[in-house]
Amino acid sequence: MNTIKMQNARMVERLRPILAAPVLRWVALLGLCAAYLQGGFDKAADFSSAIAEMNHFGLSPAAPLAVATIAMEIVASILILTGFYRWLGALALAGFTFFATFVANRFWEMAPPERVLAANSFFEHLGLVGGFLLVAWYDLRERCHVSDP
């Protein structure tokens, strides 16, 4: 058993410089925010489609909600990527994603095969919510200088 622990410790020490690299953390955060940046910029570039999307999901007033969505997706992503109030950006996107998931992926109201695709998307989005909550948790923990229990 000690041999396994020693091998794990050596492996962790070899990986530490890679895993601790700030660029790796930033790339991971960019991956988490990529869909929101792309969505925000696409909606801003084609605002009439953004309004049509709001109308499709029965959200009104469509234009102000489209503006709010664009701002949320872009500004919260920038907060996360820059580290300026990262926790706030992460909580904002977690809440936004949670709400949007229940609006856009109502799989329980669908018949197969659409139900399967919507259910997959629903739970994938809940995974994003969890990722954003972890980002907020780690950022707040770092700011408060709290160590692991």
Note on the range 1-24: residues over 22 Å from Asp139 (Cα atoms) and either touching a residue at least 60 places away in the same chain (Cβ under 8 Å) or not hydrophobic (A, V, I, L, M, F, W, C) (or both) are Asn2, Thr3, Lys5, Gln7, Asn8, Arg10, Glu13, Arg14
Taking the range 11-45 and keeping residues exposed (fewer than 12 other Cβ atoms within 10 Å of the Cβ) and either among the charged types (D, E, K, R) or touching a Ser or Thr at 6+ places or on another chain (Cβ under 7 Å) (or both) leaves Glu13, Arg14, Arg16
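Taken together, the values in this text are just the output of simple stated rules run on the coordinates, not laboratory data. These numbers were taken from a predicted model, which means no experiment stands behind them. All Cβ positions, even for glycine, are placed from backbone atoms using ideal geometry, and neighbour counts span all protein chains on display.
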